[in-house]
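Okay, structure first, notes after.
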Amino acid sequence: MIGATERLRDALSRVAGELGAGDVAIELERPRDKDHGDLSSNIAMKLAKRLGEKPRDIADKIAGLLKVQDSVVTRVEVAGPGFINFWLAGETLSAVLARILADGARYGHGKAERIQKVNVEFVSANPTGPLHVGHGRGAALGDGIARLLESQGHQVTREFYVNDGGVQIDKFGESLWARIQQAVGRTAEVPPGGYHGQYVLDLARDILKREGEQFADLPVQEGRTRCREIGVRAQQEEQHRDLADFGVRFDVFFNESRVYQEQMIEKALERLTAKGLAFEKDGALWLKTTDFGDDKDRVLRKSDGTFTYFTPDIAYHLNKASRGFDRAIDVWGADHHGYVGRMTAAMRALGLADDFFHAELTQLVKVEKDGAEVKFSKRSGEFVTLRDLFEQTGVDAARYFFLMRKGDAQFVFDIDLATKQSDENPVYYVQYAHTRMAGIFRSAVTTAEAVTADGVDLGALKETDELELLKHLAEFPGAIAGAAEALEPHRVVAYLQGLATLVNGWYHRHRVIGVGAELERARLLLARAIQIVLANGLNLLGVSAPERM
């Protein structure tokens, strides 16, 4: 069964084509003001620049050309600068319940107009220490984006870029070697810019326990090299465990060393040179990124013959294109803000599509407990680790809280709020709404799976808040499609909070059991549909939907 939003979206897409606009993503949202209808579209504003007309005039044309069956929409109205508002027929609202039960776990999933092969790279922490809460925010966001894209039919690869070379890796090996020397009673200093956390001390003791104290007698360079290899491997394994326990998996771990071993840099430079975009100046090799929107040209190879960080990044992303990806989405920390423009320019210089590369930035996370900021853990000595956080709050709360705000928005993680067992806690509020629906079936001495739409008089659902629930449930597929297109999991959180508010209000105001056979069956069907949508939405966030709390 095709839902009302899908039929409206198809009709609007057809009309946009008739107006000569080509393909356009159609968004349908619920207006805040109920007097503005059940669904609203801003398609006219999106087409204004493309068609060179005023949004209001385009909206009038669309409303005139739109042909939607009367059983779906009872009224269409153009409002304001060009919004198009729709009023849905009661039969359409009721029919959504049958569709939700038929689709089950697939309800809310859709099919993008153009299915793409997408690489989502996220976390990509240096293997020099435990993951911190900032990595956790990036992990939740990257995985949330991947889940949303998969829900729309895209082929998604989750990738972790392992920086297994460079100065910081050397400093890690030197720091670990210094701690080993100290552990056997010798004088040694951690190098400037080295690593001082408790985890380095613990790792040094583990090495000595496993290898014996004679390990500390190795020649200095050999000892540092061995420490670097052992330390990097140990930190990678720990990061993988932390991420797995946080509910995040990766399909590919791509080592930076491959960029050099497989001569990817040379291939990228050959391509840029052949296009006449790489040039020599002051003994260095430069890239004409200003030709592609950057504010200045960038150095690829310094005068001393070494490459800048920019160059292997270009080669790595060219490799992503060579692996057949249509899009490369990177989740970066806020400190990379100035890096986005030059990478975008470099991808265009390589001749890749304008939409091939996209960066999502995440701001740092401030953690608070008992009204005060928590700045570090005993283990890291420098920051709050991701594991420390989710072991206090639980994985569900940590993931949900990380996704409540847009990634590049400032965020304070309130541990006290995240651990509250009350409606004040946003994730508890949504999960408890799901639990309440499960409780209804226990009271009815039946199972949710036993509920079907066969022979149910859906017209029995006449209460105002029941109709509002039906409208909200019907909106779910469109809300997920919009979140996937925008790469914004926080939209799913907003949808679930709105649904939970409606559900909890309905639960308190209306009985389900013992209200007469006809109405009871209809309300059980509504409860089952609510349960499915809550579970599906939470799953897109990587959060569980418990039946008891």
**Message:** Looking at region 511-537, I want the residues that are on the phi > 0 side of the Ramachandran plot and have a partner that is charged (D, E, K, R) and open to solvent by less than 20 Å² (accessible area, probe 1.4 Å) with Cβ atoms under 8 Å, at least 6 apart or on another chain. Which pairs are those?
**Reply:** none
**Message:** Whether any residue in region 366-376 is at pLDDT below 95 and open to solvent by less than 40 Å² (accessible area, probe 1.4 Å) is what I want to check.
**Reply:** no
**Asked** Going by the structure shown, is residue 288 touching a residue at least 60 places away in the same chain (Cβ under 8 Å), open to solvent by 30 Å² or more (accessible area, probe 1.4 Å) and over 21 Å from residue 164 (Cβ atoms)?
**Response** yes
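So, in region 474-518, exactly how many residues are open to solvent by 20 Å² or more (accessible area, probe 1.4 Å), of a type outside the set (D, E, K, R) and either assigned to a loop (DSSP other than H, G, I, E, B) or in contact with a strand residue (DSSP E or B) (Cβ under 6 Å, 6 or more places away or on another chain) (or both)? Spell out the reasoning first.
If we filter region 474-518 for residues that are open to solvent by 20 Å² or more (accessible area, probe 1.4 Å), which is where we start, we get 475, 479, 481, 485-486, 488, 490-491, 494, 497-498, 501-502, 507-511, 513-518.
Still in the running and of a type outside the set (D, E, K, R): 479, 481, 486, 490, 494, 497-498, 501-502, 507-508, 510, 513-517.
Still in the list and also either assigned to a loop (DSSP other than H, G, I, E, B) or in contact with a strand residue (DSSP E or B) (Cβ under 6 Å, 6 or more places away or on another chain) (or both): 510, 513-516.
Within region 474-518, residues that are open to solvent by 20 Å² or more (accessible area, probe 1.4 Å), of a type outside the set (D, E, K, R) and either assigned to a loop (DSSP other than H, G, I, E, B) or in contact with a strand residue (DSSP E or B) (Cβ under 6 Å, 6 or more places away or on another chain) (or both) number 5.
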**Complete:** Flagged in region 49-71 as modelled with pLDDT of 85 or more, among the hydrophobic types (A, V, I, L, M, F, W, C) and under 36 Å from the mean Cα position of the chain (by Cα), in numbering order, are 51, 58, 59, 62, 63
**Prompt:** If residue 251 satisfies every condition in (1) open to solvent by less than 50 Å² (accessible area, probe 1.4 Å); (2) closer than 18 Å to residue 160 by Cα; (3) of a type in the set (D, E, K, R) but one, which is the exception?
**Reply:** (1)
**Message:** If I ask for residues that are in a loop (DSSP other than H, G, I, E, B) and touching a residue at least 60 places away in the same chain (Cβ under 8 Å), which ones from region 102-113 would you list?
**Reply:** 107, 108, 109, 110, 112, 113
**Item:** Qualifying position, being open to solvent by 30 Å² or more (accessible area, probe 1.4 Å) and in contact with a strand residue (DSSP E or B) (Cβ under 9 Å, 6 or more places away or on another chain), among 462, 471
**Value:** 471
**Item:** Count of region 144-198 residues which are part of a helix (DSSP H, G or I) and open to solvent by 10 Å² or more (accessible area, probe 1.4 Å)
**Value:** 13
**Request:** Spot the failing condition for residue 430; the list is (1) open to solvent by 40 Å² or more (accessible area, probe 1.4 Å); (2) within 28 Å of the chain's Cα centre (by Cα), and only one is missed.
**Result:** (1)
**Message:** Among the residues of region 260-277, are any outside any helix (DSSP H, G or I), more than 30 Å from residue 146 (Cβ to Cβ) and in contact with a Lys or Arg (Cβ under 6 Å, 6 or more places away or on another chain)?
**Reply:** yes
**Request:** Being surrounded by 12 or more Cβ atoms within 10 Å (Cβ to Cβ), at pLDDT 95 or above, more than 26 Å from residue 347 (Cβ to Cβ) and not β-branched (Val, Ile, Thr) narrows it down to one of 236, 214, so name that one.
**Result:** 236
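The values are calculated or read from the model by the stated rules, or taken from the named source; none is laboratory data. Remember, it's a predicted structure, so these values are computed and weren't measured experimentally. So basically every Cβ, Gly included, is an ideal-geometry build from the backbone, and we count neighbours across all protein chains shown. Note: accessible area is taken over every heavy atom of the protein model, side chains too, but ligands, DNA and RNA are not part of it. Shrake-Rupley method; radii C 1.70, N 1.55, O 1.52, S 1.80 Å.
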